[in-house]
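Below is one structure; the comments refer to it alone.
Any read-out appearing in this document is the output of simple, stated calculations on the displayed coordinates, not a laboratory observation. Just so we're clear, the structure is a prediction, and the values are computed from it rather than from any experiment. For neighbour counting, all protein chains shown are included, and Cβ atoms are generated from backbone atoms with ideal geometry for every residue, glycine included.
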Amino acid sequence: MADAIGNKKAHEYHLDVPAPAEGFFVKGNNGAGWGMKNRLARMFRRESGNTVMLAFDHGYIMGPTSGLERIDVVIPPLAPWVDVLMGTKGALSSCISPTVTAGKCLRVTYDTTVLFEDLSAGGGIVCDIENAIRMNADCMAVQTFIGAAGEARSLELLARVSDAGSRYGIPTLGVVAVGKEMERTEKFFLLATRVLAENGANVVKSYYCDGFERVAAACPVPIVIAGGKKLPEREALEMAYRAISEGARGVDMGRNIFQSDSPVGMAQAIGKVVHEGYTAAQAYEVYEEVKNSEGNTGR
Ligand code: 5RP
């Protein structure tokens with residue numbers, strides 16, 4: 001029983017202060033439970049409502065991608081500059097210190113490797129909900145193949161993961177895949193992002209496209225954009241700026257950060273666009289400043 005000695009005598013119930021009625025700041029997730037909201041708030045910053053996610057899960061189908069030959073060397077220095085690390089259970093547990101404070105988005109599905117003709121040909125769950133909980137995941141990522149052979153299978157996986165996530169309070173990130181043959185039009189992304197949200201994704205990862213404003217508006221949960229192939233830094237910042245201006249709630253970028261001449265400079269510059277409203281030109285200055293200072297320290 002609590003010790004009553006020394007307790008304040010007068011109780012203050014603040015009868016004149018109404019309980020906060022504010023909705024949750026992450027779009028479409030107001031109905032989620034406290035645990036899921038808490039995890040979403042670890043991914044999305046309250047002040048900007050946005051997130052910088054760093055994707056380094058490429059090896060799950062591609063093996064050692066250029067720039068990611070040594071995850072243990074390349075990724076840890078970037079962690080302080082991003083909100084979320086997105087990787088596989090193998091990469092996170094073998095290459096990232098458990099003391100990391102960034103959020104963790106765990107890729108929980110596997111797919112066929114690039115040696116197969118059709119990337120959507122097979123796949124399943126590689127990390128179940130118990131393992132995701134054990135790894136203290138803030139989010140679970142599921143690859144989906146809308147308009148491709150693996151569409152039905154990947155939607156089934158999305159539904160299973162999001163059901164398990166709802167049970168235990170872990171949000172699901174639905175990832176829109178774009179194969180070589182697949183169109184990258186507003187029409188396609190309108191359909192794909194909406195299908196993922198309606199089938200249980202709490203957040204959707206998709207690509208920037210012409211007409212993105214309408215894609216973001218029609219998707220009932222936040223969209224974070226993928227970076228895609230490496231672009232010149234200025235162009236990647238321009239794409240991030242346009243996406244944020246048109247309704248994206250963040251980026252989930254890989255190659256445009258870790259393949260940059262200055263990955264730390266690029267991570268910081270992207271953060272300025274995503275969280276502080278910098279234009280691409282302003283953010284590029286940040287990138288150059290960091291890159292030059294690394295040169296001066298002989299890095
Ligand atoms: C593939 C993914 C990857 O994580 C993502 O595309 C990699 O990031 P980037 O394209 O920016 O290198 O989700 O669908």
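Can you confirm whether ARG234 is more than 16 Å from the ligand (Cβ to nearest atom), of a type outside the set (A, V, I, L, M) and free of Cβ contacts under 8 Å to residues at least 40 places away in the same chain? When the stated conditions are applied, ARG234 does not pass them. Considering each residue of segment 272-284 in turn, none proves to be assigned to a helix (DSSP H, G or I), within 16 Å of the ligand (Cβ to nearest atom), of a type outside the set (A, V, I, L, M, F, W, C) and over 22 Å from VAL175 (Cβ atoms).
Tell me yes or no: at least one residue of segment 117-125 is closer than 21 Å to LYS230 by Cβ, within 12 Å of the ligand (Cβ to nearest atom) and part of a helix (DSSP H, G or I). No, segment 117-125 has no match at all. Going through GLY254, GLY250, GLY200 one at a time, which residue ends up being away from the ligand (no atom under 15 Å from the Cβ) and not hydrophobic (A, V, I, L, M, F, W, C)? Selected residue: GLY200, the only one of GLY254, GLY250, GLY200 that is away from the ligand (no atom under 15 Å from the Cβ) and not hydrophobic (A, V, I, L, M, F, W, C). For segment 37-62, a residue qualifies if it is assigned to a helix (DSSP H, G or I) and closer than 20 Å to THR101 by Cβ, and the qualifying residues are LYS37, ASN38, ARG39, LEU40, ALA41, ARG42, MET43. Restricting attention to segment 250-270, which residues are surrounded by fewer than 23 Cβ atoms within 10 Å (Cβ to Cβ) and assigned to a helix (DSSP H, G or I)? Residues satisfying the conditions are ARG255, PRO263, VAL264, GLN268. Here the condition is being over 26 Å from ALA149 (Cβ atoms), surrounded by fewer than 20 Cβ atoms within 10 Å (Cβ to Cβ) and within 14 Å of the ligand (Cβ to nearest atom); of SER66, SER97, SER93, it holds for SER66 alone. Here is the figure for segment 158-210: residues that are farther than 30 Å from GLU130 by Cβ, part of a loop (DSSP other than H, G, I, E, B) and out of contact with any Phe, Trp or Tyr (no Cβ under 8 Å at 6 or more places or on another chain) total 6. Does VAL215 count as within 12 Å of the ligand (Cβ to nearest atom) and either of a type outside the set (Phe, Trp, Tyr) or over 17 Å from LEU155 (Cβ atoms) (or both)? So VAL215 fails the test. If the condition is being among the hydrophobic types (A, V, I, L, M, F, W, C), touching a Leu at 6+ places or on another chain (Cβ under 8 Å) and in contact (Cβ under 8 Å) with a residue 60 or more places away in the chain, then segment 48-73 contributes MET53, LEU54, PHE56.
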